[in-house]
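Here's the structure, in structure tokens; my notes come after.
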Amino acid sequence: MNLLVLLVLPGAAAGLALWTGHLPFKLAVPGLCALILVEAMRRDAAARGAAIWAVVAAFGMSMVGDYFLSSRRGHSHYFEAGIAAFLVAHLGYLRYSLAHGRLDWRALGLLLTVFVAYFGLALAPAIESRVLWAAVLAYLAVSCVGLAAAVGLEQPGRVKGLYVAGIALIVFSDTLISFSEFLRWRELNAWILPTYYLAHLCITAAVLLARIDHRLCAGQL
């Protein structure tokens with residue numbers, strides 16, 4: 001069975017998470033994506049490797065981040081803990097990108113120009129906590145590096161397109177969160193979770209398609 005079909009499972013979990021808002025469904029989206037990649041590695045020795053395990057670990061850290069952000073009411077530092085978890089997740093995605101490509105320095109320069117300016121002019125004045133200020137800045141920097149590395153991916157067009165879209169959707173979702181949390185601009189809040197869940201589906205599909213392309217090149221399909 002083509003494992004791409006199994007993406008209907010995290011897709012359904014995403015729909016239920018959006019409909020009910022229940023934490024188990026939220027955690028199921030990255031959790032099921034991780035399990036699909038583990039199954040891909042179980043089936044195909046050529047698909048195994050540290051880079052794919054890094055994506056699996058990234059999905060695991062996304063689950064940790066989802067827990068902290070969904071449970072932060074009454075816990076003063078859960079928001080910072082969530083940011084830390086998602087930062088580690090970005091490192092996992094970055095590991096995959098650099099294993100299959102290189103950092104695109106032009107993309108990094110453009111991203112840092114835009115997001116550092118956004119941080120300095122809009123976010124920094126709105127953040128009172130020094131710890132949170134540092135956490136947001138670090139997360140912003142790692143996100144820019146991660147997206148620039150995705151742009152530098154040296155894999156077939158459909159794989160690269162899906163992977164870049166996945167990382168870009170995470171950055172987009174995070175930007176909307178910053179609008180809501182720090183600038184109190186919530187008109188686009190409805191897009192935060194759909195884009196976040198779609199990002200996981202895109203990244204998983206990209207890794208699975210890379211596996212299929214590898215087998216095609218090796219004459220195994």
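The values are calculated or read from the model by the stated rules, or taken from the named source; none is laboratory data. Only a predicted model underlies this, so the values are computations on that prediction, with no experimental measurement involved. Ideal geometry is used to build each Cβ from the backbone, glycine not excepted, and the neighbour counts take in all protein chains shown.
Please verify whether residue 91 is out of contact with any Asp or Glu (no Cβ under 8 Å at 6 or more places or on another chain), more than 16 Å from residue 178 (Cβ to Cβ) and not charged (D, E, K, R), treating the condition exactly as stated.
Values: out of contact with any Asp or Glu (no Cβ under 8 Å at 6 or more places or on another chain): yes; more than 16 Å from residue 178 (Cβ to Cβ): yes; not charged (D, E, K, R): yes.
In short, yes.
The rows are residues; the columns are (1) within 12 Å of the chain's Cα centre (by Cα); (2) hydrophobic (A, V, I, L, M, F, W, C).
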position	(1), (2)
118	no, no
133	no, yes
157	no, no
168	yes, yes
174	yes, no
179	no, yes
186	no, no
195	yes, no
199	yes, yes
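Could you tell me which of the residues 212, 203, 167 is assigned to a helix (DSSP H, G or I), in contact with a helix residue (DSSP H, G or I) (Cβ under 9 Å, 6 or more places away or on another chain) and more than 21 Å from residue 86 (Cβ to Cβ)?
Among 212, 203, 167, only 212 is assigned to a helix (DSSP H, G or I), in contact with a helix residue (DSSP H, G or I) (Cβ under 9 Å, 6 or more places away or on another chain) and more than 21 Å from residue 86 (Cβ to Cβ).
Here is a list: 44, 66. Which entry is more than 16 Å from residue 145 (Cα to Cα) and crowded, with 20+ Cβ neighbours inside 10 Å? First the steps, then the outcome.
Details: 44 fails: crowded, with 20+ Cβ neighbours inside 10 Å.
Criteria check complete, one pass: 66.
What number of residues in region 14-31 are crowded, with 17+ Cβ neighbours inside 10 Å and either without any contact (Cβ under 8 Å) to a residue 24 or more places away in the chain or of a type in the set (Val, Ile, Thr) (or both)? So that I can check it myself, show each step before the final result.
If we filter region 14-31 for residues that are crowded, with 17+ Cβ neighbours inside 10 Å, which is where we start, we get 14, 17, 25-31.
Among the residues that remain, those that are also either without any contact (Cβ under 8 Å) to a residue 24 or more places away in the chain or of a type in the set (Val, Ile, Thr) (or both) are: 25, 28-29.
Qualifying residue count, region 14-31: 3.
If residue 196 satisfies every condition in (1) at pLDDT below 95; (2) within 24 Å of residue 133 (Cα to Cα) but one, which is the exception?
Among (1) at pLDDT below 95; (2) within 24 Å of residue 133 (Cα to Cα), the lone unmet condition for residue 196 is (1).
Evaluate the following for residue 139: is it assigned to a helix (DSSP H, G or I), in contact with a strand residue (DSSP E or B) (Cβ under 9 Å, 6 or more places away or on another chain) and hydroxyl-bearing (Ser, Thr, Tyr)?
No.
Considering only region 94-138, how many residues are among the small types (Gly, Ala, Ser) and exposed (fewer than 12 other Cβ atoms within 10 Å of the Cβ)?
Total meeting the criteria: 2.
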